[in-house]
Amino acid sequence: MRKKIVAGNWKMNKFLTEGIQLTVDILVELERNPPKHTVILCPPFIHLSELSKVLKECSFIKIGAQNCYYKDSGAFTGEVSVPMLASLGIDYVITGHSERRQLFFETDEIIAQKVKAILAHGLKPIFCCGEPLDVREKNEHLNYVSNQVQKSLFNLSQQEIKSVVIAYEPIWAIGTGVNASPEQAQEMHLFIRNLLKEKFGNESADLTTILYGGSVKSENAATLFSKPDVDGGLIGGASLQASEFMKIVRSLPN
Ligand code: PGA
């Protein structure tokens, strides 16, 4: 059985005290009725150390970083390495997010190196892919995403791919309020799983968690999560408020 996940990507939001409060609110609520699936919180870097203390005893909430660099150490001003994240007990790292690709010019090759580094240190990448609107309108979205997946993941071994979480996030759906329909999400998730099957075999593909991201809210989460190849969600805006995020977490069938 593959893992089901709801992950919150806080992006560049929340001061440290607010982030701790949000985490405590989520923790208190989940402790009352622990979920069967995994919940991941991905705060800004400066929150990671404090959150790892707050969540030390908690088995069902994991912590993810939003980025990393692929070198272990050295003269890379402003960057944070995977061993540094590992030393705090961080479990996941988002990589390939469209905001990093578009605003910070990260290429498929850079993302491939980050995926490798994350895996090499025993953490799990949340690898994001997804097409812009003009590509979708030209009906070239499957090719586009296939290219992203091949360029950043196809150099992995059968063993390594099992630790990768994929997040399909169409760019036109991120932060826009317009989510992909459950059918559009299912089409792409199944397509990605079939790509993985061809390259890595059925077992690895069946074990890979594929999340949907892009304007997931409490109102649309249940229908998106009801699709057979949608294994949960990567949630941006709606993860910034405990009650809304909790509704989304509770929408994921166990
Ligand atoms: P959104 O962001 O939920 O605010 O659309 C999702 C993401 O970028 O991960």
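The values are calculated or read from the model by the stated rules, or taken from the named source; none is laboratory data. Since this is a predicted model, take the numbers as computed values, not measurements. All accessible areas refer to the heavy atoms of the entire protein, side chains included, with ligands and DNA or RNA removed. Shrake-Rupley method; radii C 1.70, N 1.55, O 1.52, S 1.80 Å.
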> Of all accessible surface on the stretch 177-220 at a 1.4 Å probe, what whole percent is carbon and sulfur?
Replying inline: 50
>> With the cut-off at 27 Å, tell me which of the pairs 53/124; 11/247; 14/56; 71/151; 197/217; 124/151 have Cα atoms farther apart than that.
In response: 197/217
> Given springs between every Cα pair under 10 Å in a Gaussian network model of the chain, which of 32, 193, 100 has the largest fluctuation?
Replying inline: 32
>> Relative contact order of the stretch 124-201, please, whole-number percent, based on alpha carbon pairs below 8 angstrom and at least 6 residues apart.
In response: 41
> Among 102, 66, 150, which one shows the biggest mean-square fluctuation in a GNM of the chain, springs joining Cα atoms closer than 10 Å?
Replying inline: 102
> For 172, 10, what's the largest-to-smallest order of accessible area, 1.4 Å probe?
Replying inline: 172, 10
>> Tell me the relative contact order for the stretch 1-134 as a rounded percent, counting alpha carbon contacts under 8 Å between residues six or more apart.
In response: 20
>> Shape verdict for the chain, please, from the Cα gyration tensor: rounded (a/c under 1.5), prolate (a/b greater than b/c) or oblate.
In response: rounded
> Whose amide H sits under 5 Å from the amide H of residue 96, counting only residues 5 or more places off or on another chain, with H placed in the peptide plane?
Replying inline: 128
> Taking Cα pairs under 8 Å and at least six residues apart, what relative contact order does the chain come out at, in percent?
Replying inline: 21
> Got a number for the accessible area of residue 127? Probe 1.4 Å, square angstrom, nearest 10.
Replying inline: 0
> Tell me, what is the 1.4 Å probe accessible area of residue 49, in Å² to the nearest 10?
Replying inline: 50
> Counting only residues 5 or more places away or on other chains, whose amide H sits under 5 Å from the amide H of residue 235 once H atoms are built in the peptide plane?
Replying inline: 7, 8, 9
>> Suppose only helical runs count, i.e. DSSP H with n ≥ 4. What mean residue ellipticity at 222 nm does that imply for the chain under -39500 (n - 2.57) per run, divided by all residues and rounded to the nearest 500 deg cm²/dmol?
In response: -13000 deg cm²/dmol
